[in-house]
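This report concerns only the one structure given below.
No lab work stands behind these numbers, since they all come straight from the coordinates. Remember, it's a predicted structure, so these values are computed and weren't measured experimentally. In this analysis, Cβ positions are derived from the backbone assuming ideal geometry, glycine residues included, and neighbour counts consider all displayed protein chains.
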Amino acid sequence: MEKGEVNSGFIFPSLPNTLSLVAGNGEGSNSLNAFDRALLNAGVGNLNLIRISSIVPPKVDVIPLPRIPMGSLVPIAYGYYTSDVKGETIAAAVSVALPRDKELCGLIMEYEGICSKREAENKVVEMAKEGFEMRGWEIDKIISISSEHTVEKVGCAFAGAVLWYK
Amino acid sequence: MEKGEVNSGFIFPSLPNTLSLVAGNGEGSNSLNAFDRALLNAGVGNLNLIRISSIVPPKVDVIPLPRIPMGSLVPIAYGYYTSDVKGETIAAAVSVALPRDKELCGLIMEYEGICSKREAENKVVEMAKEGFEMRGWEIDKIISISSEHTVEKVGCAFAGAVLWYK
Amino acid sequence: MEKGEVNSGFIFPSLPNTLSLVAGNGEGSNSLNAFDRALLNAGVGNLNLIRISSIVPPKVDVIPLPRIPMGSLVPIAYGYYTSDVKGETIAAAVSVALPRDKELCGLIMEYEGICSKREAENKVVEMAKEGFEMRGWEIDKIISISSEHTVEKVGCAFAGAVLWYK
């Protein structure tokens, strides 16, 4: 921590230092159970998701989803779409733009809608680029993930960027 | 903490270990004040609610709402419904399914709508059962709470599951 | 901490003790980028906002937005409005009512809509008064902030109340 900087450690001993992209889809008898199924499919169904808008702390490691104890309070940015229109194809995607300058933060963007996963992912990558242009920052790389679901009864597509600690 | 497990303590020294169900309803001159009134009626109106999706950590104690300092940042899963249709009956409910296997987590479900509290509570209990079926887990018990409100000007029905510490 | 009081320190070593009002507006090619631009304009675009409902802990200091490390997980109450109707004027406002009795908490209210910033701010001040009337508490003072935006392509108006630590 730089001298004179406000201490974030009052809330958290340190900022999250890992980032993991996850995605999933699923069916339920109603939209909340379908959302729950999509979360399970993505590997985050037994965690307490705390939705954030939508910044990656500097110098995170991008890793596969770590083993996180059930019920943990986990910061996550995500997109999801639920539909009860049989046969409809829905999708969700998140992208992460990581900066060339490692002192800067990354930016997470989310998108969801009645579209293919390819369309969702293209869209969300453009959004991350726009966010970096606004900041006047150079992108090191963009990573993304998406899911797609064709509805049977009630379906959900979900994609998220999990922040955690190692 | 098991060997090799990711340390959740970087965010919180320990997972929440209590669960309290609360419900309330009320009127205001607009939907946000009606929501505030319903929170006050439920006993959580002077807390900072952080909405979570929607897991009960293993081995929590189910207790009446403890005394929590005003302004605390409190993890909660909740449902609510506001309406400005005079005479309309609205309701909100949450249920919690607790597992037979005490190493597993519990699941919170929320429901809200233009219905009676009995209907909302029946619905949300079915949703919790469906969530446990998806996981292939056995239920020890399901608890639930609900509120109902008949709108005068602008009304709100609220129900929530508060996680906290003892 | 009073004897017998539940220890909030299991989540946070202490309650937030500063409050800062922020507001901004901006344009993007879509609503999420417009929201991001409004956050940047307000000075909180590189933080992880965790939305809370909507209490000011007792005895906070009202200060200008402190320097907070990028990516920090920051509790905030906020209102925002996005529109893609060219020429439409949109606004968002937050107000904070602070109590005469310094042992009590303050109350944050949010409002957003198709209106001027003056209208939004008037509205949100009335809402804060109503919240204190519900509690039977006396107001020491009300502070507020607002933003206004006339849409070109896709625009966003944003106002928020940041809780933090010093």
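For the stretch A:154-163, 3J(HN,Hα) computed residue by residue from phi via the Karplus equation (6.51, -1.76, 1.60; θ = phi - 60°) reads 10, x, 9, 10, 9, 8, x, 10, 8, 9 Hz, glycine and proline entered as x.
For the stretch C:41-166, the relative contact order comes to 32 percent (Cα pairs under 8 Å, sequence separation of at least 6). Computed about its Cα centre, the charge dipole of the protein assembly as shown is approximately 1000 debye, with only Lys, Arg, Asp and Glu carrying charge at their Cβ. Under 1.5 on a/c is rounded, so check that first for chain C, then, if it is not, pick prolate when a/b is larger than b/c and oblate when it is not; a ≥ b ≥ c are the square roots of the alpha carbon gyration tensor eigenvalues. Cα axes put chain C in the oblate bin. Placing +1 on the Cβ of every Lys and Arg and -1 on the Cβ of every Asp and Glu, with nothing else charged, gives the stretch B:54-166 a dipole about its Cα centre of roughly 360 debye. Inter-chain neighbour count for A:121-130: the average number of beta-carbon atoms from partner chains within 10 Å of each residue's beta-carbon is 2. Computed over the stretch B:52-149, the P(r) tail beyond 16 angstrom holds 60 percent of alpha carbon pairs. From the alpha carbon centroid of the stretch A:58-80 to that of the stretch B:44-118 is 23 Å.
Its Cα centre serving as origin, the stretch A:71-110 has a Cβ charge dipole (Lys and Arg +1, Asp and Glu -1) of approximately 100 debye. Using alpha carbons only, how many degrees (0 to 90, rounded to 10) separate the axis of helix C:117-135 from the longest principal axis of chain C? It is inclined by approximately 20 degrees.
When the stretch A:18-151 is described by a simple charge dipole with +1 on each Lys and Arg Cβ and -1 on each Asp and Glu Cβ, the residue from A:S53, A:N30, A:P66 located farthest towards its positive end is A:P66.
Across all directions, the shadow cast by the convex hull of the stretch B:63-104 built on its C-alpha atoms averages 5.6 square nanometres. For the protein assembly as shown, adding -39500 (n - 2.57) for each run of n ≥ 4 DSSP H residues and dividing by the number of residues yields -6000 deg cm²/dmol at 222 nm. Once the chain from A:I139 to A:R67 is taken as fully extended at 0.36 nm per residue, the excess over their C-alpha distance is 23.0 nm. Note on A:131-141: average number of Cβ atoms from other chains within 10 Å of each residue's Cβ is 2.
Mean per-residue shielding of peptide B:38-48 is 4, counting Cβ atoms of other chains within 10 Å of each Cβ.
With 20 Å as the limit, the listed pairs C:K86/C:K117; C:K102/C:K123; B:K102/B:K123; B:K123/B:K153; A:K153/B:K129 have C:K102/C:K123; B:K102/B:K123; B:K123/B:K153 beyond it between alpha carbons.
Across q = 0.07, 0.13, 0.14 Å⁻¹, the protein assembly as shown modelled as identical point scatterers on its alpha-carbon atoms has Debye log10 I(q)/I(0) values of -0.35, -1.44, -1.72, in the order of the q list.
Using the beta-carbon distance between A:K102 and B:K59 and R0 = 45 Å, what value does 1/(1 + (r/R0)^6) give for FRET efficiency, to the nearest 0.05? The computed FRET efficiency comes out at 0.65. Across the stretch C:93-166, the volume of the C-alpha convex hull divided among the residues equals 93 Å³ per residue.
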